[in-house]
Each structure stands twice: as C-alpha cells, then as structure tokens.
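Notes follow the structure.
The values are calculated or read from the model by the stated rules, or taken from the named source; none is laboratory data. Treat the numbers as computed from the prediction; the structure is a model and nothing was measured. For neighbour counting, all protein chains shown are included, and Cβ atoms are generated from backbone atoms with ideal geometry for every residue, glycine included. All accessible areas refer to the heavy atoms of the entire protein, side chains included, with ligands and DNA or RNA removed. Shrake-Rupley method; radii C 1.70, N 1.55, O 1.52, S 1.80 Å.
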Amino acid sequence: MKRRCWVEIDLKQLKQNYITYTGACSQRVLAVVKADAYGHGAIRCARALQEAGCNEWAVSCLSEALELRNAGIKGFLLILGYTPAKFADVLIENDITQALVDEEHAESFLGTGVKVQFAINTGMNRIGLNSDNPDETASIIRKYAGKLNLNGIFTHLCVADTPSEDEFTKNQLSRFKAVAERISDLNLPYIHCMNTAGGLSREPYGSFVRLGISLYGLRPDTCFKIPDGIKPVIKWKVFVATVFKVKTGETIGYGRTFKADRDMDVATITVGYADGLSRSLSNKGYAFLNNKKCPIVGRVCMDQTMIDVTGLKIRQGDEIELLNEYYTAEEMARDCNTISYEIVSGITKRVEREYVS
Ligand SMILES: *Cc1c(COP(=O)(O)O)cnc(C)c1O
C-alpha cells in the first residue's frame, strides 16, 4: 500500500533461513512466532514456513495461538507463557498445548484434559518447576503425569549466546537432562531446551530447537556467529515529506537539542516513535537514501523525524530506508542500547507489512 511507513518482509529469505538453520543444527526446528513473528507478521510468516516444511510453532499467549489457528495453521502449537485455566475449553477446541509455569498452575488444569507441558526452571528464574533436586522435580512431574494430559517438558537457556558463560549453560542443560532422564519411562513426545543460540553452540538434545531470532536473520548477540546464508528479512521504508534548508545557528525539533554548526539540507521523514522508531535514536540513529547514511537530527517526534541530507539529491516523495542491508536491526539496536529483538518486535501496528516472495 505504501501510504506512509511500511516494512517489506522477504518470505523467500525467511524460508531460506529456516532451511539453512535446520541443516546447520542437524535438528528439527519449531518456529517461535510470538509477538507477531517478532514484528514480521505471524500469519504470513507461518504460512511461508509451513511451505518450507515447518509444522511446529510456539507463541506467547492465547490470542497469538488463536490468530494462527484461525488462519488455518496446523501442527503442534505451544503457548510459552501463563494462561489462566478458565480458558481450558478454547485451548482444547483449538488443539493448543499450554505451558505450566508452576505446581499451582498445574493444579488449576486438573480435570480439564488440556494438553500441557511443564516448564522447568534450570537457572533463568522466570517460570517453571524448581530443579535443584532432580528427583523431587521428577516426582512432581510423575504425580501430575497421570492426572493431566501431559505431552512434554522444556526449559529455557538464559546465557547460551555468551561464550564466557559456558559453564552456566552446561549446568542448565545437565539439570534439564537429569530431570528428563528420570521421567524417560513416561515417553513424553516433546522434550526441548534449545533456543537459537543453544541450537548452534551445543550438542543436539531434545525433540527440536525453538528457533526465534535467527529465523528472522538476526543474531542472538552480536558476538555470536550464525551460519552463512542466514540474512535479515525485514526492510523498513518511509517517504520524504519535505526537504528544506537550515542555516548555521538554527536548531531543529522539540527541545532544540540539535544546533546546526553549518548550513544544512534537512528532510522530514514519515516515521516517529509511535511507529516504533525509538526516541532514544534522537541525534543518534540513521536513515538511508540507498547506501547514503543520513543522521537523525533533533528529537524523534511521534509521527515525524528529521534527517540530515546535506549534499544529497533528494526530493519530496522519495523513499528512505530505516532498516536495510547497510543498517540492520542489530546496528539500530547498538545505536539505542538495546537488542535487535526489541527493534523488530517494537515496530507498531500502523506500519504496514508488505510481503515479497
Ligand atoms: C522467545 C523464546 C525462544 C526463542 O528464542 P530466540 O533467542 O529468539 O531463538 C525460545 N524459547 C522460549 C521459551 C522463548 O521465550
């Protein structure tokens, strides 16, 4: 539609990332499509991944799960976060597996017949059964295995992308394996513990890797290596609204935080923090005219942003890129002190998603 501010998602590259990763980690891959597929659009991404052979999915909540089911996405579907048991009927109707965050949560699902999996806390301290004593953890799982429709257990690694924390990750994995071994006779079909970073840096273990960030072509951490051929699938584009001159000594934008130390050409572009362009990129981030870097000048506004285009041939209606091959979500993240996950998942609803395949 290209009305004002849009992202272009390359579905062919998304499929390529899935295939490349699957080959590199020599394991099955479950696609993590939570948060609207990290901002890329869950339905279109899941359909493309389905074509590439993916049949297993994870999301963060019930509404995300229902969005996929309503779009006709089939296969194993897991909700990774808390859902109250009062939604048991909807979970059953839509064949959704719910993660259990603790024993109290498990109690609330007794008698419902909902497919469930225990989260196991191996050191992240977010959700899951304590695993300090694997015998006790196993006996809790065993106690509920007969009473709940239990189809698996999983844990989450919190520093698998950090080489200096190798010992901690090893410990998390051995805790998880200790629990899994003690309940192996239950023959639960889904035992899983790897995210993007774990799947690439560790011996394969479990039913599949839960692949998130690298599906979208980004690294879990910039010190981390991902296989060649995995590339970002998102470009973020906007229009030039107006181009004008600013003289030495004038200031630009709210708060007058930018003062011109020379005569400049400035363009106002059709994006702001209400689109997900972080306000902390004020006087720090960049936009691109092809491969030409145009620094953001002044504060990012709600719907508009000013950039320095001095010396460039540029006019009203031209397309400007915020994310592209020269400036990826990783680089934007570095410029505003966050991670690429937050950049892409933070692109808001009013930014149109366009798909190329
Ligand atoms: C988000 C998430 C993942 C995916 O992690 P990536 O680093 O994006 O691969 C896997 N497992 C759980 C439990 C998650 O919450």
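Normalised Debye scattering of the range 239-308 at q = 0.29 Å⁻¹ gives log10 I(q)/I(0) of -1.46, counting only Cα atoms as equal scatterers and leaving out solvent. Taken one residue at a time, the phi angles of the range 252-261 give Karplus couplings (6.51, -1.76, 1.60, θ = phi - 60°) of 10, x, 4, x, 6, 7, 10, 10, 5, 9 Hz. Gly and Pro are set to x.
Neighbours of Asn324 by Cβ distance under 12 Å: Lys/Arg scored +1, Asp/Glu scored -1, total -1. Computed from phi, the 3J(HN,Hα) profile of the range 313-322 under the Karplus parametrisation 6.51, -1.76, 1.60 (θ = phi - 60°) reads 7, 8, 8, 3, x, 5, 8, 10, 10, 9 Hz, with x in place of Gly and Pro. Spatially, the range 264-337 and the range 203-258 are offset by 11 Å when compared through their Cα centroids. Summarising the amide proton neighbourhood of Phe76: residues at separation of 5 or more, or on other chains, whose placed amide H is nearer than 5 Å comprise Trp57.
Within the chain, the proportion of C-alpha pairs whose separation exceeds 31 Å stands at 42%. What does the charge count near Asp161 come to, summing +1 for each Lys or Arg and -1 for each Asp or Glu among other residues with Cβ under 13 Å from its Cβ? Once positives and negatives cancel, what remains is -1. Ranked by solvent-accessible area (1.4 Å probe, protein heavy atoms only, all chains present), the residues Arg210, Arg350, Arg4 order from largest to smallest as Arg350, Arg4, Arg210.
Between the listed residues Gly113, Ser214, Asn290, the Cα displaced farthest toward the positive end of the dipole of the chain, a dipole computed from Cβ unit charges relative to the Cα centre, is found at Asn290. Looking at the chain, the accessible area is 45 square angstrom per residue; that uses a 1.4 Å probe and ignores ligands, DNA and RNA. Taken one residue at a time, the phi angles of the range 84-93 give Karplus couplings (6.51, -1.76, 1.60, θ = phi - 60°) of x, 5, 5, 9, 3, 4, 5, 4, 5, 3 Hz. Gly and Pro are set to x.
The convex hull drawn around the Cα atoms of the range 42-158, when projected onto a plane and averaged over every direction, covers 7.5 nm². Annotation: amide H of Asn121 within the under-5 Å range of Leu129, Asn130, Ser131, sequence separation 5 or more or interchain, hydrogens built in the peptide plane. When you restrict to C-alpha pairs under 8 Å that are six or more residues apart and normalise by the size of the chain, the relative contact order lands at 19 percent. A dipole drawn for the chain from +1 and -1 charges on Cβ atoms has a positive end, and of Pro134, Val179, Asn195 the residue lying farthest that way is Asn195.
The magnitude of the dipole of the chain, with charges of +1 and -1 set on the Cβ of Lys/Arg and Asp/Glu and taken from the Cα centre, is near 980 debye. Reducing the range 122-174 and the range 1-76 to their Cα centroids gives an inter-centroid distance of 26 Å.
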